[in-house]
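The values are calculated or read from the model by the stated rules, or taken from the named source; none is laboratory data. No experiment lies behind these values; they were computed from the predicted model shown. So basically every Cβ, Gly included, is an ideal-geometry build from the backbone, and we count neighbours across all protein chains shown.
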Amino acid sequence: MKKTIYFISAICVGSILLSACHTQKKAASATEDFSTEILNGEWEIKSVDNKPVTGGEPAVLSLNLNEKKISGNNSCNIINGSIILNESKPNEISFGRMMSTMRFCADAQSETAIMKALNETKSFTVLNQEEKNTQIAFCNAKNKKMMVLQKKDMPILNGEWSVVSLNGAAVTGEHTPIMSIDLNNLKLTGYAGCNRMNGEIVINTGTANSISFTRPATTRMACPDSNIENIFLSTLMEITQYKVLSSGNVALCDKDGNQLIIMSKNK
């Protein structure tokens, strides 16, 4: 009788081990079809160690692979650190020493678990890739899913836009600024009203509808007949958030919610 029990137990243990290996193989192979570029952008942490994120502020991470930087909010404190990639193994990712502010939040129940998961992350896998439901998981050295993240729904801003209003005044004609927004790579390019421009996009994690821009670099062509470019570039520096209007246009607003730039998407 004991031999029978031992035999059955051995089969169960063996089955579990085979299942774990199968899961690991499946998770590893799932990432082979994806580039690390999918990681660029802003992500909301949905769960840590199979538990939903609760309490505190929204837990959001911003990943910038070009600068190899990670920043965000761990449901209480602002965090930032470096991203470490392995070019020969695209699904491998880890993070350098994470820095954090020291604010105390009694209701931030997931803060410690988030920091532990980030410190143990060794790879990622893509769980789902849809326009409004892209999810990834960060895994530890044993390929256990430590954290599940969902890409924040900001794709409406991606693409090319024409400025139709600037500080309340309508904008038309050949000097109309054009903004090409690439949230995946946090890049701004386009036409400032006279010169070509390119710059960086900044997302303030933990703040709804956040977007701001570093001062764009421009070409040096002189356009004495137009002052729109100077006004546009200075106004761009005041932007901290966006709002989708009922018309389908998007307003770029300052910290007080004033609609400084209204833009219409080019088809």
remark   = Taking region 234-252 and keeping only residues that are at pLDDT below 95 and of a type outside the set (Gly, Ala, Ser), one is left with 240, 241, 242, 243, 244, 245, 249, 250
task = With a cut-off of at least 1 residues that are under 15 Å from the mean Cα position of the chain (by Cα) and at negative phi, name the strands (runs of 3 or more DSSP E) lying wholly within region 66-109.
result = 69-73, 78-85
ask   = Among the residues of region 182-233 satisfying the criterion of being within 23 Å of the chain's Cα centre (by Cα) and hydroxyl-bearing (Ser, Thr, Tyr), which is modelled with the highest pLDDT?
value = 189
request  = Can you work out which of the residues in region 152-202 that are assigned to a loop (DSSP other than H, G, I, E, B) and among the small types (Gly, Ala, Ser) is nearest to residue 39 (Cα to Cα)?
outcome  = 192
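So, in region 77-100, exactly how many residues are among the β-branched types (Val, Ile, Thr) and either out of contact with any strand residue (DSSP E or B) (no Cβ under 6 Å at 6 or more places or on another chain) or modelled with pLDDT under 90 (or both)? Give the steps one after another, and end with the answer.
Within region 77-100, the first condition is being among the β-branched types (Val, Ile, Thr), and the residues that meet it are 78-79, 83-84, 93.
So of that shortlist, the ones also either out of contact with any strand residue (DSSP E or B) (no Cβ under 6 Å at 6 or more places or on another chain) or modelled with pLDDT under 90 (or both) come out as 78.
Final tally of qualifying residues: 1.
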inquiry  = I'm checking my understanding of the structure. Among residues of region 214-267 that are over 18 Å from residue 180 (Cβ atoms) and among the hydroxyl-bearing types (Ser, Thr, Tyr), which one is surrounded by the most Cβ atoms within 10 Å (Cβ to Cβ)?
reply    = 240
